[in-house]
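Taking it in order: structure first as structure tokens, then the write-up.
Nothing in this text is a laboratory measurement; each read-out follows from the coordinates by a stated rule. Worth saying up front: this structure is predicted, and the values here are computed from it rather than measured. We place every Cβ from the backbone using ideal geometry, glycine too, and count neighbours over all the protein chains shown.
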Amino acid sequence: MSRRSSRIWIVLGVLAAIVFADEIFSLLGTVIGVLFSIGITGLLILGLAIGAFALALFIGCSVGVALIIASVALVFSLFGWLLPYLLVGFLVYLLVRKKPNTV
């Protein structure tokens with residue numbers, strides 16, 4: 001009985017893969033695309049911080065000042081990358097907050 005049941009599940013799985021192949025491939029492509037975009041963006045942001053550190057050392061700053069400059073560049077680039085999400089979150093907050101009653 002178990003052998004027949006497993007054959008039915010295999011046939012149903014193959015039929016589902018045939019019917020929903022476009023959706024499966026689009027989901028897989030979306031996941032891979034998001035991973036690549038986040039990875040490449042992260043590498044670019046890290047490169048920007050390294051570039052700011054190197055530029056500060058080239059100008060003649062100390063290592064501590066160069067680290068501060070690199071971290072400020074990192075914070076600014078991350079803020080620029082997250083700005084659309086922060087704006088959408090702020091708009092959602094404005095829509096769902098409880099407004100105080102005026103007297």
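Taking P(r) over Cα pairs in 10 Å bins from 0, in percent as calculated from this structure, the corresponding entry among (i) 13, 35, 38, 13, 1; (ii) 14, 42, 33, 9, 2, 0; (iii) 12, 19, 18, 17, 16, 12, 5, 1 is (iii). Using unit Cβ charges (K, R positive; D, E negative) and no other charged atoms, how large, in debye to the nearest 20, is the dipole of the chain about its Cα centre? So the magnitude is around 540 debye. With each label modelled as a point 7 angstrom along the Cα→C-beta vector, the TYR93-ASP22 pair spans 4.1 nm. What angle, in degrees between 0 and 90 and rounded to the nearest 10, separates the Cα long axis of helix 2-19 from the longest principal axis of the Cα atoms of the chain? That works out to roughly 60 degrees.
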